[in-house]
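Notes follow the structure.
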Amino acid sequence: MKDATIPNSISLRGRAGRRETDPRRYVLVALAAMLLVPASARAQCSCPSGGVPLLDSVKTRGNDLNELRGHCAPRNSTIELQAYQRHLQRREICPPRCPAKEIWGWCIDQCEWTTVAQATADGLGYFRFGDLDGQRSVQVISSWPGGGNGLDGVYTALRVRAWDPETKAWSAWTDPPTLEGFNLNWPGYEGGFAQVETRISGADRAHAVVADGPDDGDDPSIALDVDEDTPNFWLGQHPGGTFEYLRSGVCDLRQGCPLDWLVLQSPSINVQSPPLARGSEYPYVLGMATASRPGAMFVATSVFGKRDIADISVQVDVDVNVDLSLGLDFSSLF
């Protein structure tokens, strides 16, 4: 993968038609909220050697990167955050459906790592980058679908390093986990099932999610608006291993999947809006995969649509809280 610079406002953002004063808020929730760790527990955390910081959570607000938290940095060290972005195309996962084309679209502003912000770790090695979208626009989710050209797909990689005030040296940069395949399936009509498919290697923690509305649904007994899955338990036993989510959930040696891969059935939802309260539904289908390892992570997203529901506004902003241990929490303002 080539390296690349994040622009101050990437090409996907479309401000035209945005309703800044629209007070209506709609919640699109997947799993858990942020985990608050007591100070007594924080002091007891064990950290790997080498001073490489660990990433705990990331937030987006209005589709842009807003906050990143982590720990295991040297005490009172300076933390540097860099980002890398490029466009992503939906492609069938190979294997088992082969041949598959390259998933990467064009670069965003030359495809180079760019420094986004700096922060200072506390005396226990915890750090926080806050209000990042007030400093630089790093758009993580497209505001609208882009058809078959992959315009709606966004891959965002993040990495951190620490300046140790005692050793007077920076920790090494580390590469994010490898996104080997990504696909979002939906036949394009209400009542059809949507699935997010992906293959990832080199991760310690990962999540895959597909969503079309709030998690409680307009009728929880029949509607599932969000489905998420995580291979974290397996990754704990096979750190850095390769796992694959497929809509069929099947890929064996005859199809090209080695025995040491973990193959799972894709998260899946029935894209459906009841006659009443249609405005509470997300107007597109959203697929996301995120994965992390010490010092780095990525977020890959794709937006599929447009759904046959009433327009509320032109632009759609999605807020996401990602706890890399627990899961994803979506909230949407549109």
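Every number in this text was worked out from the coordinates using simple rules, so none of it is lab data. Just so we're clear, the structure is a prediction, and the values are computed from it rather than from any experiment. We place every Cβ from the backbone using ideal geometry, glycine too, and count neighbours over all the protein chains shown.
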Protection-proxy order for peptides 322-331, 284-293, each taking the mean of Cβ atoms within 10 Å per residue, highest first: 284-293, 322-331
Determine, for each peptide in 174-184, 197-207, the mean count of other beta carbons within 10 angstrom over its residues, then list the peptides with the highest first. 197-207, 174-184
Using amide H atoms built 1.01 Å from N in the peptide plane, name the residues 5+ places from Asp252, or on other chains, whose amide H lies under 5 Å from its own. Cys257
Stretchable slack from Thr178 to Arg254, in nm (0.36 nm times residue separation minus alpha-carbon distance): 25.0 nm
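Between Lys101 and Cys47, 0.36 nm times their residue separation minus their Cα-Cα distance comes to what?
15.5 nm
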Extension gain from Asp131 to Asp109, taking 0.36 nm per residue of separation minus the Cα-Cα distance: 5.7 nm
Whose amide H sits under 5 Å from the amide H of Gly62, counting only residues 5 or more places off or on another chain, with H placed in the peptide plane? Val318, Asp319
Mean shadow of the stretch 55-333, computed from the convex hull of its alpha carbons, in nm²? 15.4 nm²
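Going by average Cβ density within 10 Å per residue, which order do the peptides 67-80, 116-129 take, highest to lowest?
Ranked by mean Cβ neighbours within 10 Å, highest first: 67-80, 116-129.
Could you put Thr115, Thr242 in order, starting from the residue whose Cβ has the fewest other Cβ atoms within 10 Å?
The most exposed by this proxy come first: Thr115, Thr242.
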